[in-house]
Amino acid sequence: MSRLRIGIDLGGTKIEALAIDADGRALARRRIASPSHDYAQMLDALVGLVTGIERELGVRDARVGIGTPGAVSAATGLIKNANSTQLNGRPFAADAARALDRELRIENDANCFALSEAIDGAGAGHRFVFGVILGTGVGGGIVFDRQLRIGPNAIAGEWGHNEMPARTEAALPDTRCYCGRRRCIETYISGPALAADHARMTGRDDGLDAARIGVLARAGDADARATLDRWAHRVASALSMVVNVVDPDVIVLGGGLSNLEGVDADLTQRLAGHVFSDRCVTPIVRNRHGDASGVRGAAWLWA
């Protein structure tokens, strides 16, 4: 049991811990609500989850991997680019290692998702996997031969903070992103962006979220269908830039919007119209591990 791996998914609304064995079998799982905007309480919660699982399984030296929003800056050691903004500018990697009294491995949560799906998920068997998060935010991770690509700036896969292709539509509305830039892909295809687009185009600010819009579209609502059509067109256009640059073997979808009915087949079909090639055979598939992918990937950081 000395090689037990514990993954931590440090989400904005919940913190989840999962222990797996060398074959990826789940041994113990715990989930708690994230302390709201309280950094010290977040560290305490992290320690409580790890030590609780270790007591449950009778071990003391588990290897711990953590998936976080944002990334650890190679220049400063501080968290950057996190949409859970209480982490930004904090030495979270050092503080967590000190609190748990051990070496840790910490990566961006989208990287953890991509690693999970590449090792034993929907991307297993492919050498080059691009994992995509479509949810409250838009992120991505790159895995080649079961190894994460991080990059010297620790931003590999961050396609959501490139500018949305202007050719997507004649007159895209202007947007501003929490990162300080304008027209980021995330501001057009995230869950909140989809909902905002629906409200803007219908003139009805009735609080519908992306999931509810999906339900309405399946029921035949014309406005909801039009919203999802615009969204899918934008996603395919944005993903074509990834394919044009790195040409992955497979794209695996994660996040809440990956649950929209038929989204994988729809985006696979649409992608061909945007890619710089006489054909496009890149499959876009839904994830295998659902909302457990991030926490599994954090544990697999010790693979």
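The values are calculated or read from the model by the stated rules, or taken from the named source; none is laboratory data. Since the structure is predicted, the reported quantities are computational estimates derived from the model, not experimental observations. No Cβ is skipped: glycine too gets one built from the backbone with ideal geometry, and neighbour counts run over all protein chains shown. SASA here: full protein model, heavy atoms, side chains in, ligands and nucleic acids out. Shrake-Rupley method; radii C 1.70, N 1.55, O 1.52, S 1.80 Å.
A few notes on this one:
- Picking from residues in the stretch 270-295 that are in a helix (DSSP H, G or I) and over 13 Å from the mean Cα position of the chain (by Cα), the one that is surrounded by the most Cβ atoms within 10 Å (Cβ to Cβ) is Leu271.
- Just one residue in the set Arg225, Arg212, Arg218 is open to solvent by 50 Å² or more (accessible area, probe 1.4 Å), closer than 17 Å to Ser258 by Cβ and free of Cβ contacts under 8 Å to residues at least 12 places away in the same chain; that residue is Arg212.
- Boolean, Gly160 is in contact with a helix residue (DSSP H, G or I) (Cβ under 7 Å, 6 or more places away or on another chain), open to solvent by less than 50 Å² (accessible area, probe 1.4 Å), within 15 Å of Trp231 (Cα to Cα) and not aliphatic (A, V, I, L, M): yes
- Test: residue in the stretch 261-269 that is in contact (Cβ under 8 Å) with a residue 40 or more places away in the chain and either under 21 Å from Arg176 (Cα atoms) or surrounded by 16 or more Cβ atoms within 10 Å (Cβ to Cβ) (or both): no
- Those residues of the stretch 22-50 which are of a type in the set (A, V, I, L, M, F, W, C), over 17 Å from Ser84 (Cα atoms) and part of a strand (DSSP E or B), in sequence order: Ala26, Leu27, Ala28
- Considering only residues in the stretch 234-247 that are surrounded by fewer than 18 Cβ atoms within 10 Å (Cβ to Cβ) and of a type outside the set (Val, Ile, Thr), the one that is farthest from Ala193 (Cα to Cα) turns out to be Asp247.
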